[in-house]
Amino acid sequence: MDKYKRLLLANKAWVQGKLMASPDFFEELAKEQKPEFLWIGCSDSRVPAEEITGVSPGEIFTHRNIANLVNHTDFNLLSVLTFAVDYLKVKHVIVCGHYGCGGVKAALSSHRYGILDEWLRQIKDSYHANKDIITHAGSFDLQADKLVEINIHEQLKNLMKTHVIQRAWHEERRPILHGWVYSINDGLLKSLYKIDPGSPIEDIYRFDF
Ligand code: CO
């Protein structure tokens, strides 16, 4: 059997399972979505947001890209963020990175990956700004994992610089920003950073509301 056909068959079995447990599962889900979480994660196939957090369809609004970046010129990310915060009214935004991230390792190396080099450039900038801490981490892999953590924090700061987050903080005292890291080796998530609405934003990045 062609490998891709396994996915279509598995989907049929999944539907059967859901209907057995709850006959109106899809009927209810089709009415609306009310996720409380926006997940900004890495595209890595080993870090599936819904599966590692044990949530059901409808609970997490998801955006994934290589190395879980919040790039202020990325219309895709900005559209997802706007819809999640302004319309779905999510209470939490989670930036989830992971140890062993290929994107971060690529940024730490001098290897060329074409257009990816431009995408990953801001990780090189984070390395440049934190060179001492990172080089003290030890081996290449340990340095990459330190950079993974710094990169997550950097993305939270990037979120705080958007007017979407600043307006929601100002007018609705939400969402809380979370920085999590996932370990591919043991499957565990760890909370590294939590930034509450109203936390200080450097003057130059702060808008008037
Ligand atoms: Co990754």
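At a glance:
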| item | result |
| --- | --- |
| Hits in segment 143-197 (condition: on the phi > 0 side of the Ramachandran plot and under 17 Å from the mean Cα position of the chain (by Cα)) | G187 |
| Any chance D132 is within 13 Å of the ligand (Cβ to nearest atom), charged (D, E, K, R) and either within 30 Å of D186 (Cα to Cα) or open to solvent by 10 Å² or more (accessible area, probe 1.4 Å) (or both) | no |
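The values are calculated or read from the model by the stated rules, or taken from the named source; none is laboratory data. All values reported here derive from a predicted model rather than from experimental measurement. Every residue, glycine among them, receives a Cβ derived from its backbone with ideal geometry; neighbour counts consider all protein chains shown. Note: accessible area is taken over every heavy atom of the protein model, side chains too, but ligands, DNA and RNA are not part of it. Shrake-Rupley method; radii C 1.70, N 1.55, O 1.52, S 1.80 Å.
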